[in-house]
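The values are calculated or read from the model by the stated rules, or taken from the named source; none is laboratory data. Worth saying up front: this structure is predicted, and the values here are computed from it rather than measured. For neighbour counting, all protein chains shown are included, and Cβ atoms are generated from backbone atoms with ideal geometry for every residue, glycine included. Please note that ligands, DNA and RNA were not included when accessible areas were found on the heavy atoms of the full protein model with its side chains. Shrake-Rupley method; radii C 1.70, N 1.55, O 1.52, S 1.80 Å.
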Amino acid sequence: MTGSDALLQALSEQGVTVIFGNPGSTELPLMDALAAPGQPRFILGLTEATVMGMADGYAQSSGQLGVALVHVQPGMANAMSGVLNAARSRVPLLVIVGQQLSAMLPGAPFLGGEIVAMAAPIAAHAEEVHDPADLGNALSRAVAAALGPPMGPAVLSIPLESQAGASPELA
């Protein structure tokens with residue numbers, strides 16, 4: 001079982017049936033896993049603001065956790081107004097961010113950057129997951145924070161290798 005498989009399993013166990021996203025290359029393992037039967041429905045948005053609005057509206061209208069998927073630091077930057085809105089309105093959102101390979105981050109790769117530091121001042125919870133075996137636990141922490149009290153947005157940054165790597169704890 002890959003980290004992406006484990007993440008989707010944990011999302012399903014949390015009752016998540018739909019994910020809104022604007023993915024890029026660092027989310028390919030997760031997108032591949034979403035194509036399997038029985039996974040949450042994926043709804044594509046063409047900008048992060050749209051994705052955040054869809055996830056926010058879904059959460060408010062359904063009473064369920066809204067889930068958004070965005071691409072690396074610029075995607076998170078574009079999603080920040082939605083994170084702020086969810087924080088101020090107490091809307092339970094989970095923002096999953098596909099991060100560059102961890103080994104590349106010290107060299108400041110194109111589009112890579114400090115996602116947790118960006119989100120932490122506003123989000124109810126912000127964490128980067130470097131071990132695919134910890135994805136289930138990290139998701140539990142993020143969902144617990146998002147569903148509050150007080151409810152609000154949680155951000156999980158997941159480097160490419162954590163999405164693609166084996167998750168022995170959850171296999």
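Where the accessible area of the chain is counted over protein heavy atoms with a 1.4 Å probe, how much of it, in %, is carbon and sulfur? Carbon and sulfur: 58 percent of the exposed surface of the chain. Here ALA77 and THR50 are evaluated by their C-beta separation; at R0 = 22 Å the FRET efficiency comes out at 0.90. For the chain, the share of DSSP beta bridges that are antiparallel, to the nearest 5, is 5%.
Oblate is the label for the stretch 1-98, because a/c, from the alpha-carbon gyration tensor with a ≥ b ≥ c as root eigenvalues, is 1.5 or above and a/b does not exceed b/c. A crude spin-label estimate for the pair ARG41 and ARG90, with each label 7 Å from Cα along the Cβ direction, gives 2.9 nm. For the residues HIS71, HIS130, a 1.4 Å probe over the protein chains yields an accessible-area ranking, largest first, of HIS130, HIS71. Approximating the spin labels as points 7 Å out from Cα along Cα→Cβ, the SER12-to-ASP131 distance works out to 2.5 nm. Annotation: LEU147 carries an accessible surface of approximately 80 Å², with a 1.4 Å probe and no ligand, DNA or RNA atoms counted.
Counted residue by residue at 0.36 nm each, then reduced by the alpha carbon distance between them, the extension gain from ALA108 to ALA144 reaches 9.8 nm.
Entry comment: accessible area of the chain is 42 Å² per residue, from protein heavy atoms only and a probe of 1.4 Å. Charging the Cβ of each Asp and Glu at -1 and of each Lys and Arg at +1, and nothing else, the dipole of the chain about its Cα centre rounds to 540 debye.
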